[in-house]
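Read the structure below first, then the notes.
The values are calculated or read from the model by the stated rules, or taken from the named source; none is laboratory data. Please read these numbers as outputs of a predicted model, since none were measured by experiment. A quick note on method: Cβ atoms are made from the backbone with ideal geometry, for glycine too, and the neighbour counts reach across all protein chains shown. Side chains are part of the model used for accessible areas, which takes the heavy atoms of the whole protein and leaves out ligands, DNA and RNA. Shrake-Rupley method; radii C 1.70, N 1.55, O 1.52, S 1.80 Å.
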Amino acid sequence: MITITTRQGKQVEIVLESELCSPVDMGERVRAYCHIHGSDHQRSLSINKATGWGHCFNAACGATVLVVEWNRALAKRLLHSHYRGLMIAGGTATLPDYAPPERGTRYRPYVVQPMLLPPPRSIPQWQQDELQALRELDGQMRCALVYTRRARMYLNERGIPLKVALATGVGYLPSDLLNGRAMRRQRGLLRRWADRIVFPLNSLDGRGYIGRSLWHWQPGMNETAHKALLERPGSPKRWIKTYPAGWFSADFEEMPRAVILVEGAFDRLTLLAAGFAANEIIALVGTAAPVEWFPAQVKTVALALDGDEGGQEAGSRLADQMEQAGLRVKMCPLSQDGRGKDWNERWQRMGRKSVAPVFEAFYGVRSA
Ligand SMILES: [Zn+2]
């Protein structure tokens, strides 16, 4: 067990699964005797298996714990900041005499409960094949975006310069590309990806893709009309994803100290068109924002989510989780003035002025 103090002054006990005293699986939560205040009367420690966070209900103790194995990435992040803090405070690199927890070393388990760990998700073969087929076409899809006039016009009408899209790895899958003899094997798998703008995604499980359908889109057709068309029964889905999916963002290692979170892929392209750097903007594209995905160098997150109720609710939930994980959060809500429900729509209507609030919020946090 290691006790660390977050930048908010909150004390967190980082524990190993093997340190839990007589844990009992209660479904979503695990209950255990609290080894922090040393109780063996009541299982006062209650831990959420999905997040690794737990709490001791004994009023005199009230410990907050994080179980390493159930949230490795976050535990690693917290330990990383902790050790760095110690090194700065100590002048010389004097590490405490406990090592960062590693499974199977030094710690003698009280109880071995391997069944507590969630089983790894097995990915159906077709999803693995689909992802592989898209990866193989990555270069061809980017070329296709350049030579397909209709796809270029679509970007243009959304106010996105072709070079901005290309620089972030965006492509297009034309139906004809699937008709060639060489594509016989992949044709069935990729049929649903035909006539889509395809965006590469990053996740801790590797690269994925999300595709936006251009089915029956014609130059001059606005986004609302096209959306309505795609929502009719029998139409293709507006967006589809691979497994794993992930964020439309730069690689995790490239992210700077301060980043901006937006909802949609086109919102990210909008902010890049407006002059933000590619590594500063992360589009969630419907993927939750697990705090453990933020690499240790990221300290501040500006939330520029959509202005609707869903976006606001998601925003405050996210802000809580991030603050709990030691990130600084800055809210940058989209104005509800009826001039567009997302950054891209506002960009099309108002131009550069539409993104001024994001610049303001961001330069505030970056210089802080
Ligand atoms: Zn306790």
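How do the pairs read when you match residues in region 244-272 that are surrounded by fewer than 21 Cβ atoms within 10 Å (Cβ to Cβ) with residues anywhere that are assigned to a loop (DSSP other than H, G, I, E, B) and basic (Lys, Arg), using Cβ under 6 Å and keeping only pairs 6 or more apart or on different chains?
Cβ pairs passing all conditions: Arg257/Lys299.
Looking at this structure, is Cys34 open to solvent by 20 Å² or more (accessible area, probe 1.4 Å), within 12 Å of the ligand (Cβ to nearest atom) and over 19 Å from Gln321 (Cα atoms)? Walk me through it before giving the result.
Details: open to solvent by 20 Å² or more (accessible area, probe 1.4 Å): no; within 12 Å of the ligand (Cβ to nearest atom): yes; over 19 Å from Gln321 (Cα atoms): yes.
No; evaluated as a whole, the condition is false for this residue.
Of everything in region 189-218 that's open to solvent by 10 Å² or more (accessible area, probe 1.4 Å) and charged (D, E, K, R), which residue is farthest from Tyr154 (Cα to Cα)?
Asp205
Restricting to region 273-314, name every residue that is in contact (Cβ under 8 Å) with a residue 40 or more places away in the chain, over 14 Å from Cys332 (Cα atoms) and assigned to a helix (DSSP H, G or I).
Ala273, Ala278, Glu280, Val291, Glu292, Trp293
Out of Ala278, Ala283, report the one residue that is within 15 Å of Val358 (Cα to Cα) and open to solvent by 10 Å² or more (accessible area, probe 1.4 Å). Spell out the reasoning first.
On the way: Ala283 fails: open to solvent by 10 Å² or more (accessible area, probe 1.4 Å).
The unique qualifying residue is Ala278.
Return the residues of region 135-188 that are closer than 14 Å to Phe266 by Cα and not in a helix (DSSP H, G or I); say none if nothing qualifies.
Arg158, Gly159, Ile160, Pro161, Thr168, Gly169, Val170, Gly171
For (1) more than 11 Å from the ligand (Cβ to nearest atom); (2) farther than 20 Å from Ala325 by Cα; (3) free of Cβ contacts under 8 Å to residues at least 40 places away in the same chain; (4) out of contact with any Cys (no Cβ under 8 Å at 6 or more places or on another chain), each residue gets a yes or a no:
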residue: Lys10; (1), (2), (3), (4): yes, no, no, yes
residue: Ile14; (1), (2), (3), (4): yes, no, no, yes
residue: Gly27; (1), (2), (3), (4): yes, yes, yes, yes
residue: Ser44; (1), (2), (3), (4): no, yes, yes, no
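Specify the residue that is nearest to the ligand (Cβ to nearest atom); the eligible residues are those in region 49-65 that are without any contact (Cβ under 8 Å) to a residue 40 or more places away in the chain and over 20 Å from Ile2 (Cβ atoms).
Here the answer is Asn58.
Kindly provide the set of residues from region 6-23 that are modelled with pLDDT under 85 and not basic (Lys, Arg), ordered by number.
Within region 6-23, Thr6, Gln8, Gly9 meet the criteria.
In region 66-82, what residues are of a type in the set (A, V, I, L, M), more than 16 Å from the ligand (Cβ to nearest atom) and open to solvent by less than 30 Å² (accessible area, probe 1.4 Å)?
Step one: of region 66-82, the residues of a type in the set (A, V, I, L, M) are 66-68, 73-75, 78-79.
Going one step further and asking which of them are more than 16 Å from the ligand (Cβ to nearest atom), we end up with 68, 73-75, 78-79.
Result: Val68, Leu74, Ala75, Leu78, Leu79.
Before we move on, is Val358 open to solvent by less than 70 Å² (accessible area, probe 1.4 Å) and not in a helix (DSSP H, G or I)?
So Val358 fails the test.
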